[in-house]
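Right, one structure below, let's go through it.
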Amino acid sequence: MGIYSISDLAELTGVKTHTLRVWEKRYGLLTPQRTDTNIRYYLDQDLKILMLVINLYNHGVKISRIAEMSPEEMEAECKLIVKVEEDDEAKLLQCIADLDVTGMDAILDKHIRKNGFESALMQLILPVLDKMELMWLSGSIEEAHEACFRELIKRKTIREIDAVANNCGGPKVIMFLPTGNQQELSHLFMHYFLRKQGLCITDMGCNISAECADFALRKCNVECVLIVNADPVHWQFGPFIKDLVKRTSLPIVVSGRASDDDWSQYGGQVIIIDNIEETIRFVSRLQENLQSHLS
């Protein structure tokens, strides 16, 4: 049986402790236990209910409505959402196979309008991209199908990025993709999430050489470099980061496993974070986490 503090719940779910306290006090969505010394703690059942709440909330269900549901009703509603998403996923994959751009566009926009871009990205777009890779390997689709869908997603992601204000008063981060790394979509997705976290982003884009990055780093007043690495075995990535370390003393945050290189030799300057979710949690408390890694 797991025992959690409210900070543990925040760390596990990505929801801020302040929000969890509001959900608990105003809506009664969490019921803490207390130790003999009156210290509050939570159990596995609380975590399970909280995950149901977050799933519903991320799909546009108002928190006041969620608070009126029993755990069984929450679970049933989540299953219904999954069924709808599976239907959308199947329809979208069929449109991709048919190279039906109008159909792709309609399904994506419907999902974004209903659930928001973040939900569409995590629940529909990323799973479809994973399935497309398998379809491409099996010969079910061709390069043209993938190129068409990726271009559509790229344009929609840029639209969503532009809809979120670049917070000039927030922590400042510079991001770019190194020369030879073609994972532009992953880069754009991360830009969107960073803006949503209230960061001020200087985005140099893709195919950036070490010399170009060096010039920008000397001109920009930023707290760290952030690089998305969606291609962990790319032969140019490791040498690029090692070159960058020689050119700047700034922390270099890499979202995505950076092959098998040993980065510990750089005294915490290169910070490797496994995936998008962990990166989002890291940047939500960027200054505190950078200080922790560099101390």
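For this structure, a couple of remarks:
- Antiparallel DSSP beta bridges within the chain, percent to nearest 5: 20
- Cα lying deepest toward the dipole's positive end in the chain, options Phe189, Pro127, Thr35, charges on Cβ: Thr35
- Residues with amide H under 5 Å from that of Leu177, placed H, sequence gap 5 or more: Gly205, Cys206, Asn207, Ile208
- Backbone phi angles across region 161-173, fed through the Karplus curve with coefficients 6.51, -1.76 and 1.60 (θ = phi - 60°), yield HN-Hα couplings of 4, 5, 7, 9, 4, 7, 6, 5, x, x, x, 9, 10 Hz in residue order; Gly and Pro are listed as x.
- Karplus-derived 3J(HN,Hα), 6.51/-1.76/1.60, for each residue of region 19-30, Hz, glycine and proline x: 5, 4, 5, 5, 4, 6, 6, 7, 10, x, 7, 10
- Hz values of 3J(HN,Hα) by residue in region 202-215 - Karplus curve (6.51, -1.76, 1.60), Gly and Pro given as x: 9, 10, 8, x, 10, 6, 9, 7, 4, 5, 5, 4, 4, 4
- Once the trypsin sites (Lys or Arg not before Pro) in DSSP loops with at most 16 neighbouring Cβ atoms within 10 Å are cut out of the chain, the longest remaining piece is 63-256.
- Amide H partners (placed H, <5 Å) of Cys224, local residues excluded: Ile174
- Across Lys131/Lys154; Lys91/Lys156; Lys16/Lys62; Lys16/Lys48; Lys48/Lys91; Lys25/Lys62, pairs whose alpha-carbon gap is larger than 27 Å: Lys48/Lys91
- Net dipole in debye of region 79-162 [+1 Lys, Arg Cβ; -1 Asp, Glu Cβ; about Cα centre; nearest 20]: 340
- In the chain, the calculated helix contribution to ellipticity at 222 nm averages -18000 deg cm²/dmol per residue, counting -39,500 (n - 2.57) for every DSSP H run with n ≥ 4.
- When +1 charges are put on Lys and Arg Cβ atoms and -1 charges on Asp and Glu Cβ atoms, the dipole computed for region 166-294 relative to its Cα centre reaches about 460 debye.
- Residue among Ser186, Ser284, Ser138 with the largest mean-square fluctuation in a Gaussian network model of the chain, springs linking Cα atoms under 10 Å: Ser138
- Prolate/oblate/rounded call for region 166-294, Cα gyration tensor, a/c under 1.5 rounded: rounded
- Within the straight-line cut-off of under 22 Å between alpha carbons, the lysines reachable from Lys246 are Lys172, Lys219, sequence neighbours fewer than 8 places apart in one chain being disregarded.
- Placed amide H near Asn229: partners under 5 Å, 5+ positions off or other chain: Ser255, Gly256
- Percentage relative contact order, the chain, counting C-alpha pairs under 8 Å, at least six apart: 11
- Cα gyration tensor, region 138-181 - rounded (a/c under 1.5), prolate or oblate: oblate
Coordinate-derived values only; no laboratory data. Because the structure is a prediction, the values reported are computed rather than measured. Note that we place each Cβ from the backbone using ideal geometry, even for glycine, and neighbour counts take in every protein chain shown.
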